[in-house]
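Reviewing the structure listed below.
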Amino acid sequence: MNIETLREYCLSKPGAEESFPFGGDALVFKVKNKIFLLVGLDSAPLQFNVKCNPDRALELRENYSCVIPGYHMNKKHWNTIIVDGSVSDQLLKEWIDDSYQLVKGK
């Protein structure tokens with residue numbers, strides 16, 4: 001997955017909007033005015049933060065080396081995903097979907 005694929009996928013979600021509230025280096029995707037994904041535009045490899053159920057967040061960190069506690073976020077509720085090719089795009093999309101649903105449901 002690259003930044004354009006990530007952007008297109010996030011914007012395909014109903015009600016999703018993009019913005020740069022933290023400056024030009026961090027692209028933010030929101031639904032209902034709440035963040036569901038943040039991505040740093042200068043990171044290599046690509047990395048993004050997604051919201052996650054706290055128990056699931058720990059489980060993902062234990063099982064996938066590309067999942068770490070959310071960088072600059074509440075580490076209980078957010079994971080940083082490093083897009084290093086170790087997991088499929090389909091799994092990345094599932095994690096994005098989970099974040100979107102958690103935020104949209106509030």
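The values are calculated or read from the model by the stated rules, or taken from the named source; none is laboratory data. Here the structure is a predicted model, which means the values were calculated and not measured. Note: ideal-geometry Cβ built from the backbone for every residue, glycine included; neighbour counts use all protein chains shown. For accessibility, only protein heavy atoms count, side chains too; no ligands or nucleic acids. Shrake-Rupley method; radii C 1.70, N 1.55, O 1.52, S 1.80 Å.
Return the residue satisfying two criteria in turn: it lies in the range 1-13 and is touching a residue at least 12 places away in the same chain (Cβ under 8 Å), out of contact with any Phe, Trp or Tyr (no Cβ under 7 Å at 6 or more places or on another chain) and within 14 Å of Phe48 (Cα to Cα), and of such residues it is surrounded by the fewest Cβ atoms within 10 Å (Cβ to Cβ).
Only one residue fits best here, namely Asn2.
Among the candidates Ala57, Ala16, which residue alone is under 18 Å from Leu92 (Cα atoms), in contact (Cβ under 8 Å) with a residue 24 or more places away in the chain and open to solvent by less than 60 Å² (accessible area, probe 1.4 Å)?
Ala16
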Among residues belonging to the range 60-73 that are out of contact with any Ser or Thr (no Cβ under 7 Å at 6 or more places or on another chain) and surrounded by 18 or more Cβ atoms within 10 Å (Cβ to Cβ), point out the one that is farthest from Glu4 (Cα to Cα). Leu60
